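Encoded as structure tokens, the structure appears first; notes follow it.
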Amino acid sequence: MSDLLFRKDIKRDPAGILVSDFDGTITRLDFYDLVCQAYPQIAASYWQDYESGKITHFEALKNIFAGIRAPESSMLEIIRKMDIDPALAQAVRMLERNGWSVVVASAGCAWYINRLLEANGVNIAVHANPGIFSPDGGLKMQLPPESPLFSRELGVNKVAVVREALRRSADVAFAGDGRPDLAPALLVPPRRRFAKSWLAKKLHEIGEEFRPFERWSEVVEMLRVDEGWSV
């Protein structure tokens, strides 16, 4: 698994690795939430089935996304509304200048993640569920069963991503906001555990320390201060 976390243009043997969720973490809003707002008739029953244990998290998202019927321009507008951190590219450059790598681990779909990153001039490793969009077929998200980082529940096993990061570097941080982020967050030390929204509330509830943030670039700023990096 030695190269799973890195694209060829990203430094090997990094000084540190920041593993990050995407929706609601690097962006302010989730693609899922925006789809549910735009197409409320699609979402309700599938999410209830997930919460009752009848289907997996991946199956719920897959079914909801597949029900979209809209032109691609409407999907691109939803992506824009996710409100990606405007300081993302600058923050990533800061990490890379200081020998760190960034890895996205997401239970969402690479279709919109890669578009947002590319539009913001960011080239980082992404582990997310593959998918394609068509106006008549919606966003068809697929499981990546061939990946050693595969999870039947989420598609991408975030715990496996963090464990591989820990194998590659002695200094690993994790940033997240939702339910799938709890287990991977607990694998890193509290000073390297960054949380917001549901994840922050849950960590507080179970008595686990963490560092709160609102915008993803705040995580990088805290790392910069910790390590004494120049601006």
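The values are calculated or read from the model by the stated rules, or taken from the named source; none is laboratory data. Computed from a predicted model, the values in this text were never measured in an experiment. With ideal geometry, Cβ positions are generated from the backbone for all residues, glycine too; neighbour counts draw on all protein chains shown.
Since Asn98 meets every condition but one in (1) touching a Phe, Trp or Tyr at 6+ places or on another chain (Cβ under 7 Å); (2) surrounded by fewer than 21 Cβ atoms within 10 Å (Cβ to Cβ); (3) within 25 Å of Ala195 (Cα to Cα); (4) modelled with pLDDT under 95, which condition does it not meet?
Among (1) touching a Phe, Trp or Tyr at 6+ places or on another chain (Cβ under 7 Å); (2) surrounded by fewer than 21 Cβ atoms within 10 Å (Cβ to Cβ); (3) within 25 Å of Ala195 (Cα to Cα); (4) modelled with pLDDT under 95, the lone unmet condition for Asn98 is (4).
Of all the helices (runs of 4 or more DSSP H) wholly in segment 81-176, which have at least 2 residues that are within 20 Å of Arg215 (Cα to Cα) and hydrophobic (A, V, I, L, M, F, W, C)? Show your work before the answer.
Working: elements: 88-97, 110-119, 158-168.
In segment 81-176, the matching helices (runs of 4 or more DSSP H) lie at 88-97, 110-119.
Would you check if there is a residue in segment 131-150 being farther than 17 Å from Ser101 by Cα, among the aromatic types (Phe, Trp, Tyr) and at pLDDT below 95?
yes
So, of the residues in segment 51-88 that are acidic (Asp, Glu) and surrounded by 15 or more Cβ atoms within 10 Å (Cβ to Cβ), which turns out to be nearest to Leu117 (Cα to Cα)?
Asp85
Quick check on my filter: what residues within segment 23-41 are part of a loop (DSSP other than H, G, I, E, B) and either farther than 17 Å from Asn120 by Cα or free of Cβ contacts under 8 Å to residues at least 12 places away in the same chain (or both)?
Asp30, Tyr39 - these are the residues of segment 23-41 that are part of a loop (DSSP other than H, G, I, E, B) and either farther than 17 Å from Asn120 by Cα or free of Cβ contacts under 8 Å to residues at least 12 places away in the same chain (or both).
So which residues in segment 184-217 are outside any loop (DSSP other than H, G, I, E, B) and without any contact (Cβ under 8 Å) to a residue 12 or more places away in the chain?
Lys201, His204, Glu205
Filter segment 151-178 down to residues that are among the polar types (S, T, N, Q) and crowded, with 20+ Cβ neighbours inside 10 Å and give me whichever is nearest to the chain's Cα centre (by Cα).
Step one: filter segment 151-178 for residues among the polar types (S, T, N, Q), giving 151, 157, 169.
In the following step, the residues that additionally are crowded, with 20+ Cβ neighbours inside 10 Å were identified as 151, 157.
Working: Ser151: 15, Asn157: 11 Å.
Per the criteria, the residue is Asn157.
For segment 4-42, which positions are modelled with pLDDT under 95, under 15 Å from the mean Cα position of the chain (by Cα) and buried (at least 19 other Cβ atoms within 10 Å of the Cβ)?
Leu5, Tyr32
With respect to the numbered conditions (1) over 16 Å from the mean Cα position of the chain (by Cα); (2) crowded, with 17+ Cβ neighbours inside 10 Å, which one is the sole condition not fulfilled by Ser45?
Result: Ser45 fails condition (2) only.
If a residue has to be over 16 Å from the mean Cα position of the chain (by Cα), of a type in the set (Val, Ile, Thr) and at pLDDT 95 or above to count, how many in segment 57-95 make the cut?
Final tally of qualifying residues: 1.
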